[in-house]
Amino acid sequence: MVKLSMPVGLLMESAIAGGVTGERLIEVIKTKNIEALRHIGKEESSWAYLFEFAEQNWDTVVSAIQNGYTFKFITIRGLLNLIKTKYSLIETEDFLMTDFGIDLNLKDEQLDFLRSRIPNQWNFTKQENDKYNIHAALSQPTQVV
């Protein structure tokens, strides 16, 4: 699986959530068809960034669309944007920011998707007897003294 930067991955997920998937998404990016993405609501400069990235990294973009990808790195805000975009989750109903991460209410397939995209950077722990069934926290790197 290829690795994508947070902005590129989030833009691709926005397009997919907006119904532009697979070969159609490849065609839209290749032809820089911003009209096909206008309904998603992102700024033109965001799509221009994706188009420019694709121009320079075409094989990576095609592979990401056809075979999947992982994020190189994703911040807590990036993770929030991803879950809001991908699953239309609403704060306090479906997730809650805490001092220690994010508590989420996710289905198993949603959790599997997140784990496949962010395999090492975030820990996703199941919680029992809680309004939110998953706790997401940044992995703590081991410090050598």
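Screening segment 14-45 for residues that are surrounded by fewer than 16 Cβ atoms within 10 Å (Cβ to Cβ) and either polar (S, T, N, Q) or in contact (Cβ under 8 Å) with a residue 60 or more places away in the chain (or both) and picking the one that is farthest from residue 84 (Cα to Cα) gives 31.
Kindly check whether there is at least one residue in segment 40-60 that is assigned to a helix (DSSP H, G or I) and in contact with a strand residue (DSSP E or B) (Cβ under 8 Å, 6 or more places away or on another chain). Steps first, please.
As a first pass, look at segment 40-60 and keep what is assigned to a helix (DSSP H, G or I): 40, 44-56, 58-60.
If we keep only those that are in contact with a strand residue (DSSP E or B) (Cβ under 8 Å, 6 or more places away or on another chain) as well, we get 60.
Yes: segment 40-60 contains one or more residues that are assigned to a helix (DSSP H, G or I) and in contact with a strand residue (DSSP E or B) (Cβ under 8 Å, 6 or more places away or on another chain).
For beta carbons closer than 8 Å, sequence separation of 6+ or different chains, a first residue in segment 49-69 that is over 18 Å from residue 14 (Cβ atoms) and a second that is modelled with pLDDT of 95 or more and among the aromatic types (Phe, Trp, Tyr), the qualifying pairs are 63/69. Of the residues making up segment 69-91, none is of a type in the set (Lys, Arg) and over 26 Å from residue 41 (Cα atoms). So which residues in segment 10-39 are closer than 16 Å to residue 58 by Cβ and either among the charged types (D, E, K, R) or outside any helix (DSSP H, G or I) (or both)? Answer for segment 10-39, where residues must be closer than 16 Å to residue 58 by Cβ and either among the charged types (D, E, K, R) or outside any helix (DSSP H, G or I) (or both): 23, 27, 30, 32, 33. Kindly indicate whether any position in segment 86-108 is open to solvent by less than 50 Å² (accessible area, probe 1.4 Å), at pLDDT below 95 and closer than 14 Å to residue 8 by Cα. For segment 86-108, residues open to solvent by less than 50 Å² (accessible area, probe 1.4 Å), at pLDDT below 95 and closer than 14 Å to residue 8 by Cα: absent. Restricting attention to segment 23-61 and to residues that are small (Gly, Ala, Ser) and closer than 24 Å to residue 77 by Cβ, the residue that is modelled with the lowest pLDDT turns out to be 41.
Output the residues belonging to segment 109-122 that are over 18 Å from residue 6 (Cβ atoms) and open to solvent by 80 Å² or more (accessible area, probe 1.4 Å). Outline the logic, then answer.
Of all residues in segment 109-122, those over 18 Å from residue 6 (Cβ atoms) come to 109-112.
Result: 109, 112.
For segment 63-145, give me every one of the strands (runs of 3 or more DSSP E) that falls completely inside it and has 1 or more residues that are out of contact with any helix residue (DSSP H, G or I) (no Cβ under 9 Å at 6 or more places or on another chain).
Answer list for segment 63-145: 95-98, 101-104, 122-126, 134-138.
Modelled with pLDDT of 95 or more and within 17 Å of the chain's Cα centre (by Cα): is that true of residue 20 in this structure? Answer is yes for this residue.
Going by what's in this entry, would residue 125 be described as among the polar types (S, T, N, Q) and either in contact with a Gly (Cβ under 7 Å, 6 or more places away or on another chain) or buried (at least 17 other Cβ atoms within 10 Å of the Cβ) (or both)? So residue 125 does not fit the description; no.
Among the residues of segment 54-85, none is identified as open to solvent by 50 Å² or more (accessible area, probe 1.4 Å), more than 25 Å from residue 106 (Cβ to Cβ) and in contact with a Phe, Trp or Tyr (Cβ under 9 Å, 6 or more places away or on another chain).
The values are calculated or read from the model by the stated rules, or taken from the named source; none is laboratory data. Remember, predicted model here, so these are calculated numbers, not experimental data. Neighbour counts are summed over all protein chains in view; Cβ atoms, including those assigned to glycine, are modelled from backbone coordinates with ideal geometry. Side chains included, ligands, DNA and RNA excluded: accessible areas come from the protein's heavy atoms. Shrake-Rupley method; radii C 1.70, N 1.55, O 1.52, S 1.80 Å.
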